[in-house]
């Protein structure tokens, strides 16, 4: 399982870097424009992704990070947000490397943002985080296209093909 998640995290670092390359052609005005995404803009969606990364990572390492909302703007600067997002993904990589294989089938207990106690299988929690990243990157690529930019080709299979080179 550890190798599976390490490869997935490497993919997410790769995909996030390609996404940010595509965003270089998007003006600051369009980057922050409400284009109908759940978190309104590309910027709002990226902020949301960083918040959720911090929430889940904190839970998994036994810390508490409690933002006021999942749409809170925790980083106003576009370049700093990019830097923090990549650092977050690299932090996940380091954390994953340190895990023991016995942890994957265990129950993970945590408190939801609404204050409820919850429990899920540990590997499902980690998988949720990866799925969440993919979901919102898909929304952002749609917004890039809507704004006249070129959407990156970031399907997992493209990442796997880069490994063969």
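The values are calculated or read from the model by the stated rules, or taken from the named source; none is laboratory data. All figures in this text were calculated on a predicted structure; none of them were measured in a lab. Reconstructed Cβ throughout: ideal geometry from the backbone, glycine too, with neighbour counts over all protein chains shown.
I'm trying to understand the selection: among the residues of region 29-58, which are within 28 Å of residue 118 (Cβ to Cβ), touching a helix residue (DSSP H, G or I) at 6+ places or on another chain (Cβ under 8 Å) and not in a loop (DSSP other than H, G, I, E, B)?
Selection gives 37, 45, 46, 47, 48, 49, 50, 52, 53, 54, 56, 57.
Checking residue 26 against (1) touching a residue at least 40 places away in the same chain (Cβ under 8 Å); (2) surrounded by 13 or more Cβ atoms within 10 Å (Cβ to Cβ); (3) outside any loop (DSSP other than H, G, I, E, B), which test does it fail?
(3)
Being part of a helix (DSSP H, G or I), crowded, with 16+ Cβ neighbours inside 10 Å and over 16 Å from the mean Cα position of the chain (by Cα) is the filter here; which residues of region 123-152 pass it?
If the condition is that a residue be part of a helix (DSSP H, G or I), crowded, with 16+ Cβ neighbours inside 10 Å and over 16 Å from the mean Cα position of the chain (by Cα), then 123, 143, 144 are the ones that fit.
Spot the failing condition for residue 106; the list is (1) modelled with pLDDT of 95 or more; (2) touching a helix residue (DSSP H, G or I) at 6+ places or on another chain (Cβ under 6 Å); (3) buried (at least 16 other Cβ atoms within 10 Å of the Cβ), and only one is missed.
(3)
Would you please name the residue that is surrounded by the most Cβ atoms within 10 Å (Cβ to Cβ), looking only at residues in region 60-91 that are within 18 Å of the chain's Cα centre (by Cα) and farther than 25 Å from residue 38 by Cα? Steps first, answer last, please.
So in region 60-91, the residues within 18 Å of the chain's Cα centre (by Cα) come out as 60-61, 65-67, 69-91.
Now drop any that are not farther than 25 Å from residue 38 by Cα, which leaves 60-61, 90-91.
On the way: 60: 19, 61: 11, 90: 12, 91: 15.
It comes out as 60.
List every residue pair whose Cβ atoms lie under 9 Å apart, where the two residues are 6 or more positions apart in sequence or sit on different chains, the first residue falls within region 84-96 and is touching a residue at least 12 places away in the same chain (Cβ under 8 Å), and the second residue, located anywhere, is loosely packed, with under 15 Cβ neighbours inside 10 Å and not in a helix (DSSP H, G or I).
84/74; 95/61
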